[in-house]
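Here's the structure we're looking at; comments come further down.
The values are calculated or read from the model by the stated rules, or taken from the named source; none is laboratory data. Since the structure is predicted, the reported quantities are computational estimates derived from the model, not experimental observations. Using ideal geometry, Cβ is built from the backbone for each residue, glycine included, and neighbour counts are taken over all protein chains shown.
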Amino acid sequence: MREISLHILDVAENGITAGASCIQIVVEEARAENVLKIVIRDNGRGISSEKIDRITDPFVTTRTTRRVGLGLSLLEAAARRCDGEAKIESEPGAGTEVTAVFRYNHIDRAPIGDMAGSITTLIAGNPDVDFIYDHSVDDRHFGMDTREIRKELEDSFLADPAVIYHLAQTIRKHLNRLDQGQMNSEMGEEGNGKIDDRRS
């Protein structure tokens, strides 16, 4: 895949297929340490110990919509290509956690890509699932939680196109601030999340 955001989208959809009602996505850009870390957690059905040893085999999948389980195998291959690794921790009934670590400046590392697009695609396509998104660049942090957004919306539908558009624009604005080293104590009038300076 050309963007890491697409790997994240695919792995998160695996969790939704496994019955998750909440997905947490963590992106940590530790530029000073030359590390990019991705974590995707879900509270779905989990994976048996027998299957977890084979889960990155592209020909193993729990999906009925396709015969090949490419998501985890592609993410693992991408991480290994960049002097990193991927691991999956899971147990039946307790959900799954997928972690991928990359050498940040590796020449073969794909760009992170359109995280706002991936997050809002997940929200729009799965309005009954909650998503927690945390993104940090060194000591700067942005967080978004759809459970908080639902409280702000009141009668509005989370997957309404106008809401999704506004949310995507808001995420992009704040990720751009993270990338440029700008910090703000609050997300602003939108009330959909926050940016904080972890040094405080």
Is there a residue being at pLDDT 90 or above and within 23 Å of Ala32 (Cα to Cα) anywhere in the range 185-197?
no
If you scan the range 1-45, which residues turn out to be surrounded by fewer than 22 Cβ atoms within 10 Å (Cβ to Cβ), in contact with a strand residue (DSSP E or B) (Cβ under 9 Å, 6 or more places away or on another chain), among the polar types (S, T, N, Q) and not in a strand (DSSP E or B)?
Ser21, Asn34, Asn43
Go through the range 121-156 and give me each residue that's of a type in the set (Phe, Trp, Tyr) and either more than 14 Å from Ala12 (Cβ to Cβ) or more than 12 Å from the chain's Cα centre (by Cα) (or both).
Phe142
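Results for (1) surrounded by fewer than 18 Cβ atoms within 10 Å (Cβ to Cβ); (2) without any contact (Cβ under 8 Å) to a residue 40 or more places away in the chain; (3) in contact with a Phe, Trp or Tyr (Cβ under 8 Å, 6 or more places away or on another chain), shown as yes or no for each residue.
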{"residue": "Ile88", "(1), (2), (3)": "no, no, no"}
{"residue": "Ile119", "(1), (2), (3)": "no, no, yes"}
{"residue": "Ile132", "(1), (2), (3)": "yes, no, no"}
{"residue": "Asp139", "(1), (2), (3)": "yes, no, no"}
{"residue": "Gly143", "(1), (2), (3)": "no, no, yes"}
